[in-house]
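The values are calculated or read from the model by the stated rules, or taken from the named source; none is laboratory data. Model, not experiment: these values are computed from the prediction. Glycine also receives a Cβ, built like all others from the backbone with ideal geometry; neighbour counts cover every protein chain displayed.
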Amino acid sequence: MTQVETVEAAQGDAGARRAGFRVWKRGPVLAASALLLGLSMLLHAWIPNRIGNLGSLVETLLPWSGLFVPVLLAGALWRRSAAAVVALLLPVTVWLCLFGGRLGDRSHPGGDLTLVSHNVGADNRDPAGTARGLAASGADVLALQEMTEQARGAYEKELAKAYPYHTVQGTVGLWSRLPLSDIRPVDTKIDAGPLAATKPDRAKMAYNRALRATVATPHGPLAVYVAHLGSVRVNPREGFSTGHRDRGARALGEAVAAERNERVVLLGDLNGTMDDRAFAGLTAQLRSAQDGFGFTWPASFPMVRIDQILVRGVKPESARVLPATGSDHRPVVARIGW
């Protein structure tokens, strides 16, 4: 090799090294964004709630954090940033660890009892049709939330033939093919405030939103709770406002902790996902019957699962979300065994 060729080869090697360095140097903002995304997912429990309940809001939308990955990946490929591509390994790994198990169907055939829960919606224009659809689901135990006084008669009439036993406490109700006993309301600590004087019907919806009953199954008594916790709001002044709901979640957790029956089921619209730290008192005692995502709200395009079936002392065999009714929520169904 001549001296000229040697110099040219050296220059070529140097150029290749500079090009390789530039590939790693490109896209620092994309790489930093990928790392920040992964760390926020990994350390979500450390995000404080002091400012606008930011931690709870992040946890509510946590499954959707994975949507940022393909966006960042497209940007990394466009910028030809090796650093950003490598940085994306963190959020991908964390997301799969958190939610990868929900991607497959782990349901099993069989089970002894079918449970259905549905927020039927105060503005439901066809309560009778909703009731007929729920009865056709084959539920042995059916829990309804957000029933108005005007619609209550329609639900009772349409469900009477399939369910000989039922109770309604305020705006929540329980229908069963099996005998019910030990029925009582459960205080979820919701303050109706000015509604008590100005809108008594709405005040009743605020106060009476949970019940407890015992279902006499062939395998022994099953304690069933039905609840509709307070609504949450997102607004510029307060951020993620969850005060009423969080008080109700703590009250339900205390009620379940005091429950003497080892077999417990909680059905209802809890206005939150089980990834939210606000439900730690419940998730420490109960497990979700749903393995997958099972989003239920809003019914037209479900984005979060706020309608829950939680169990203790029984085995969830399968769970799914039913088609939309006249409500803004979708019903959820689970099959449990002993």
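Below is a table of values for the structure above.
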quantity	calculated
Some residue of region 168-191 being modelled with pLDDT under 95 and part of a helix (DSSP H, G or I)	no
Number of the condition not met by TYR155 [criteria: (1) part of a helix (DSSP H, G or I); (2) over 17 Å from ARG209 (Cβ atoms); (3) among the hydroxyl-bearing types (Ser, Thr, Tyr)]	(2)
Candidates ALA213, ALA299, filtered to the one that is under 28 Å from LEU103 (Cα atoms) and touching a residue at least 24 places away in the same chain (Cβ under 8 Å)	ALA299
Qualifying strands (runs of 3 or more DSSP E) (wholly inside region 228-300; at least 3 residues being of a type in the set (A, V, I, L, M, F, W, C), surrounded by 17 or more Cβ atoms within 10 Å (Cβ to Cβ) and at pLDDT 95 or above)	264-269
Filtered residues of region 49-91 (kept if among the β-branched types (Val, Ile, Thr) and either touching an Asp or Glu at 6+ places or on another chain (Cβ under 6 Å) or surrounded by 19 or more Cβ atoms within 10 Å (Cβ to Cβ) (or both))	VAL58, THR60, VAL85
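Yes/no per residue for (1) touching a residue at least 40 places away in the same chain (Cβ under 8 Å); (2) assigned by TED's automatic domain parsing to the domain that holds HIS329; (3) within 18 Å of the chain's Cα centre (by Cα):
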| residue | (1), (2), (3) |
| --- | --- |
| ARG237 | no, yes, no |
| ASP246 | no, yes, yes |
| ARG250 | yes, yes, yes |
| ALA258 | no, yes, no |
| GLY268 | yes, yes, yes |
